[in-house]
Amino acid sequence: MWQIGKKDFKKRFSSLRGSVRLALVLIALLLINYIGNTLYYRFDLTEDKRYTLSEVSESTFAQIDGTVYIRTFLGGELPFEFLRLRNGLTELLEEYAVRSGHRVEFLHEDPNEVARNEEELTAYRRELIAQGIEALTVHERTASGTQSERIVFPGLCASYAGRTVYVNLMRRDVTLSNDDNITIALQRLEYTLTSTLVQLLQRQKSTLAFTTSHGELAPQQTADWERDLLRRFNVRHIDSLHQVGMLDSCRIVVVANPQEPFSELEKLVLDQYVMEGGRLLLFINPVATSIDSLQQQGRTFAVPRDLNLDDMLFRYGVRVSTHLLQDGQCAPIPVNMASAGEGARFTPLPWVYYPLLTPQPYTLLSRNVPFVYSRFPVALELTKANDSILKVPFLTSSKYARLVSTPKIVELGEIREDPSQRPMPLADVPVGVLLEGKFSSVFSHRPLRAIAPGQTLNFKAKSEPTRIVLFGDGRLAANEVSYKNGRERVLPLGFDKYTQQTFGNKELLENITLYLGGYEELLLLRGREYTSQLLDVRRLVRDRTLLLVLNISLPLLLLLLMGGMWWFIRWRRYHK
C-alpha cells in the first residue's frame, strides 16, 4: 500500500510541477508583453546615429500641449519605390509618437479612396496642389506588360491647435531617378517633421520685409519664395525708407535687385537698422542687362549702374564688382541653328552668362544644396576693411570661370563659340557671401542733421553682433511667371523651363532665412549628413566564391551546432 501511495504521490507532484512550470511560462510571457508595450527603446548601432532623434526634436516634443495630428497622402497602393518612402516615414512617425508621449498621431490616407467619383477626385487633387503638395506622375509596367500611369502625392498635412500646415516630403530633381530623390527625402525626414512641428508651435511670427522703392523684384516675381516664407514670418512690403528706426521691428530686411540708386537718407535707415542688430539679405547687381532684349533681339547691353551702396558695403567688408561672371559650368538655352530659309530648328547650347553656381560644403548655409541657377551675376570681392568681420564665401563659380569687364554688348551669337576653347583661368569666384560680426557705421563723422532733417537720432557707430548675406545676382530670388489661356502661373523658384529642371535656389534661400531668422538648430538638423556604407567592390569580385560559401554554410553549421547541443543535453539528462 505504501509503494502504491508513493507512486501516486510522485505522479501528482510531477503533474503539479508541470502545471507550475506552465503557469510560470504564461506569467513570464504576460510580463514580457506588458513590458514591451509600456517600455520602448531602440538601439542605434549605426556609426552616424541616423536612427537617433536629435536634441532639437526631443525639445520640440516637450513644447506640445495637446495632440498633433498628421495625415500623409501615401496610403493605398503605391509604386514600389514609394513604398520605401512610406515605410521610412512610418518608422519615424512611430518614433515621434513614442518619444512625444503619444502626443503625435498619424494615419496614411489614400487620395484615390477619399473621393466617391472622378469629379470629386479631380477637385481633391487640385486642392492638394493649391496647398503646395507636388503631384508626381509615375509610369510603371503592369503584370501584362502594358504601361500604366499613377499620380502620387508625397506629402503630408499636420494640424495642431487650429493651425494646419501642408508639407512636401520630396524635392523633385529631374536629373535624378525617383529612387535617388526618395533617398534624399528619407535623409531629410527628421528635419521636415521637426520643422513642421516648430512651425505649428510658433505662436508669434517675426517680420520679414521687402523694400520696393527702387525698382526691386515685383511681388509676383518672389511669389514662390514668399509662399514658403509665410510659414515662419509675417511678410511686409515697404515702399519708402524715410524714417530712421522704422525697420527696427523687422527680423530680416530683403533688398532684391534694386534698379535705382539709394539716397543718403535711405542708406542711413538701412545702416542704423544694422547697427541695432538687424539682419540684411541683399541681392545686388550693379550691371544692368535685359533678358527680354536678349531673347527678342539677340543682344543686350551690359551697362554699369550706380546704386550708391558701394561705400556702405565696402565698410561692411565686401565690394560688388561690375565684372560679369562667365562660367564653363552653365545652363543651356535654346538657339535657332537653322540656316536662312529653313524652318526653325532650336538646339540647347551652354550659355556661359547663366552659371550653375556651386554651393560650398564647408558651411551649413550651403551644405547639401544642389547647383544654383543664376543669370548675369557679378563677382564679389572680400576687402580687408573691418577685418574683425567673419567673411564666408558660400556660393561660388566652378573651377573654370572668367570675368568680363563692362560696359559690353552681349550677343547671343557668342553661344556658337566652343566654351572649352575659351580661357577660363579663375576658380571659385565668390557670388554669395556671409558677413557676421560687429559692423562699423559708414555714417560716422557725417552731418546727420543734413541727411535726416527734422529727425531725432540715437546714432550708433558700432553694431550689435549681427549678420548680412549678400549675393552678386539680383535675379537669384526671382521665379518665372508663365501665361496660358489668359491665366498667370507662378513657376517654382529655380525652375529652368528649357531643361525642365529645378535647381537649388529655394533650398539655399530657406537655409539663409533659417540662419538669419534665428533657427540655427533647425539648420543644423537640415545639414545633417549620413555616411553611405558602400561595399568594397574589388574585394567582392575577388572573394565572391568564398563569400557565397560562407553565406550558405554558416547558417546551416549554426543550426547543426545548436541541434547537437540540444541533443547532447537531453542525452545526458535521460541516461544518468
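Given the pairs LYS267/LYS391; LYS391/LYS460; LYS399/LYS484; LYS267/LYS384, which span a C-alpha to C-alpha distance of over 31 angstrom in this model? It would help to have the intermediate numbers written out before the result.
Details: LYS267/LYS391 22 Å; LYS391/LYS460 22 Å; LYS399/LYS484 40 Å; LYS267/LYS384 22 Å.
Table pairs above 31 Å Cα-Cα are LYS399/LYS484.
Can you list the residues, at least 5 places off or on another chain, whose amide H is less than 5 Å from the amide H of ALA288, using H built in the peptide plane?
Amide H neighbours of ALA288: VAL303, ARG305.
Order these peptides, 543-549, 282-288, 569-575, by their mean beta-carbon neighbour count within 10 angstrom, highest first.
Values: 543-549: 10.4, 282-288: 21.4, 569-575: 8.6.
The densest-packed peptide leads the list: 282-288, 543-549, 569-575.
Quick check: the distance between the Cα centres of the stretch 87-104 and the stretch 173-202, to the nearest angstrom?
Spelled out, the Cα-based centre of one part sits 16 Å from the other.
Peptides 430-438, 61-69, 90-98: what's the order by average Cβ count within 10 Å, highest mean first? The partial results should precede the final answer.
Details: 430-438: 21.3, 61-69: 13.7, 90-98: 17.3.
Ranked by mean Cβ neighbours within 10 Å, highest first: 430-438, 90-98, 61-69.
Which whole-Hz ³J(HN,Hα) couplings does the stretch 71-81 yield from phi under the Karplus relation 6.51 cos²θ - 1.76 cosθ + 1.60, θ = phi - 60°, glycine and proline marked x?
10, 8, 10, 10, x, x, 6, 10, x, 3, 5
For GLU480, what residues show an amide H to amide H distance below 5 Å, using hydrogens built from the backbone and excluding near sequence neighbours?
LEU491, GLY494, PHE495
Can you list the residues, at least 5 places off or on another chain, whose amide H is less than 5 Å from the amide H of HIS237, using H built in the peptide plane?
Residues meeting the amide H criterion: PHE210.
Tell me, what ³J(HN,Hα) does each residue in the stretch 484-489 have, in order and in whole Hz, if you take phi through Karplus 6.51 cos²θ - 1.76 cosθ + 1.60 with θ = phi - 60° and put x for Gly and Pro?
Coupling constants for the stretch 484-489: 9, 6, x, 10, 8, 10 Hz.
Ranked highest first by average number of other Cβ atoms within 10 Å, how do 129-139, 363-373, 160-170 line up?
363-373, 160-170, 129-139
Alpha carbon centre of the stretch 301-328 versus the stretch 359-393: separation in Å?
Distance between centres, Cα-based: 15 Å.
Between [x] 33.2, 111; [y] 32.0, 127; [z] 29.0, 92, which matches Rg and Dmax of the Cα atoms in Å calculated for the structure shown?
[y]
When only Cα pairs under 8 Å and 6 or more residues apart are kept, what is the percent relative contact order across the stretch 374-503?
Working: 170 pairs, mean separation 35.3, N = 130.
Result for the stretch 374-503 is 27 percent.
Give a residue-ordered list of calculated ³J(HN,Hα) values for the stretch 229-243 (Karplus: 6.51 cos²θ - 1.76 cosθ + 1.60, θ = phi - 60°; whole Hz; x for Gly, Pro).
Using θ = phi - 60°, the values come out as 4, 5, 5, 10, 10, 8, 9, 10, 10, 9, 9, 7, 10, 10, 10 Hz.
What number, in percent, do you get for the relative contact order of the chain if the mean sequence gap of Cα pairs under 8 Å and at least 6 apart is divided by its residue count?
12
No value in this document is a laboratory result; all are computed from the given coordinates. This structure is a prediction, so every number in the text was calculated from the model and none was measured. Neighbour counts are summed over all protein chains in view; Cβ atoms, including those assigned to glycine, are modelled from backbone coordinates with ideal geometry.
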